[in-house]
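The values are calculated or read from the model by the stated rules, or taken from the named source; none is laboratory data. All figures in this text were calculated on a predicted structure; none of them were measured in a lab. When we count neighbours, we look across all protein chains shown, and the Cβ atoms used for this are built from the backbone with ideal geometry, even at glycine.
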Amino acid sequence: MKRFWFFDLDGTLADTDGDIRLAWKAALADLGLACPTFDRDFIAGPPIDEMVKKLFPDRCADPAAAERLIADVRTLFGRHYDRDGFPTTREYPGVLDAARRLKAAGARLFIATNKRYAGAAALAAKFGWTDVFEKLYTGDMFFAARGVKMRKPELLKFILDEIGAPPADCVMVGDTVNDFEAARANDIDSIAVAWGYGTAAERRAAGRTVTDAAELR
């Protein structure tokens with residue numbers, strides 16, 4: 001068994017899609033932006049800047065305009081998301097039980113997510129994940145000091161260095177290709193969960209796929 005386990009959050013630990021969409025739509029409404037293809041094209045999980053560029057390619061053609069729009073969406077999304085209490089978010093069945101069994105068997109568990117730290121920390125507190133995972137890592141956790149948000153590959157590298165984990169003894173559990181490519185960039189094994197937001201094609205980039213949380217053992 002691998003000793004160090006890194007779990008994605010959105011689409012892996014919990015179905016957060018409903019609350020994320022509500023907060024996004026509220027942020028776009030605040031900005032007076034219409035996006036007729038939102039329900040079709042939006043995906044929970046990727047960084048906010050990636051989704052802004054995907055949803056509004058014309059507005060993001062100019063780098064300066066894109067930067068302003070991304071900053072506005074990030075601020076307003078956070079304002080709505082952090083205050084709504086996550087009314088529709090639900091843990092995926094059995095995932096936390098599997099995580100507890102891994103921990104009991106001697107594994108060290110961490111959350112590694114593209115999610116904003118404020119929202120991720122609020123979710124972890126609500127669902128009691130701090131009793132299972134040693135630490136929550138997010139790409140923006142050092143944004144105030146560095147002015148740069150870490151992508152998932154850089155985030156995993158940072159975690160490996162901080163906890164002194166050898167890549168060969170690590171595994172990344174996630175649902176989208178971002179998770180699996182980040183793992184590969186750090187020579188880490190990966191496990192795809194079939195219940196998340198990723199497609200079957202994305203899951204083929206992982207080392208293996210599980211369809212039931214019990215298989216994580």
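Contact map, segment 186-203: residues that are at positive phi paired with residues that are part of a helix (DSSP H, G or I), Cβ distance under 9 Å, separation 6+ or inter-chain. Pairs shown: D187/P167; D187/A168.
If only residues of segment 29-60 that are among the acidic types (D, E) and under 21 Å from F143 (Cα atoms) are counted, the one that is surrounded by the fewest Cβ atoms within 10 Å (Cβ to Cβ) is E50.
Residues are listed down the side, and each one gets a yes or a no for (1) surrounded by 19 or more Cβ atoms within 10 Å (Cβ to Cβ); (2) modelled with pLDDT of 95 or more; (3) of a type in the set (D, E):
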| position | (1), (2), (3) |
| --- | --- |
| W129 | yes, yes, no |
| Y137 | yes, yes, no |
| G147 | no, no, no |
| D161 | no, yes, yes |
| M172 | yes, yes, no |
| F180 | yes, yes, no |
| V193 | yes, yes, no |
| R203 | yes, yes, no |
| G207 | no, yes, no |
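The set of residues in segment 167-183 that are more than 24 Å from Y197 (Cα to Cα) and touching a residue at least 40 places away in the same chain (Cβ under 8 Å) contains only D169. Listed by position, the helices (runs of 4 or more DSSP H) inside segment 101-217 whose residues that are charged (D, E, K, R) number at least 2 are 152-163, 177-185, 200-203. For the subset of segment 1-28 comprising residues that are surrounded by fewer than 18 Cβ atoms within 10 Å (Cβ to Cβ) and of a type in the set (A, V, I, L, M), which member is nearest to the chain's Cα centre (by Cα)? For segment 1-28, the residue satisfying everything is L22.
Annotation: of all residues in segment 150-159 being in contact with a helix residue (DSSP H, G or I) (Cβ under 9 Å, 6 or more places away or on another chain) and either crowded, with 21+ Cβ neighbours inside 10 Å or aliphatic (A, V, I, L, M) (or both), the one that is farthest from A112 (Cα to Cα) is M150.
Suppose the filter is under 19 Å from the mean Cα position of the chain (by Cα), more than 23 Å from A182 (Cα to Cα) and among the aromatic types (F, W, Y); does F77 pass it? Spelling it out, F77 is indeed under 19 Å from the mean Cα position of the chain (by Cα), more than 23 Å from A182 (Cα to Cα) and among the aromatic types (F, W, Y).
One line per residue, one yes/no per condition, for (1) closer than 30 Å to A165 by Cβ; (2) among the polar types (S, T, N, Q); (3) modelled with pLDDT of 95 or more:
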{"site": "M1", "(1), (2), (3)": "yes, no, no"}
{"site": "D49", "(1), (2), (3)": "yes, no, no"}
{"site": "A64", "(1), (2), (3)": "no, no, yes"}
{"site": "P93", "(1), (2), (3)": "yes, no, yes"}
{"site": "D97", "(1), (2), (3)": "yes, no, yes"}
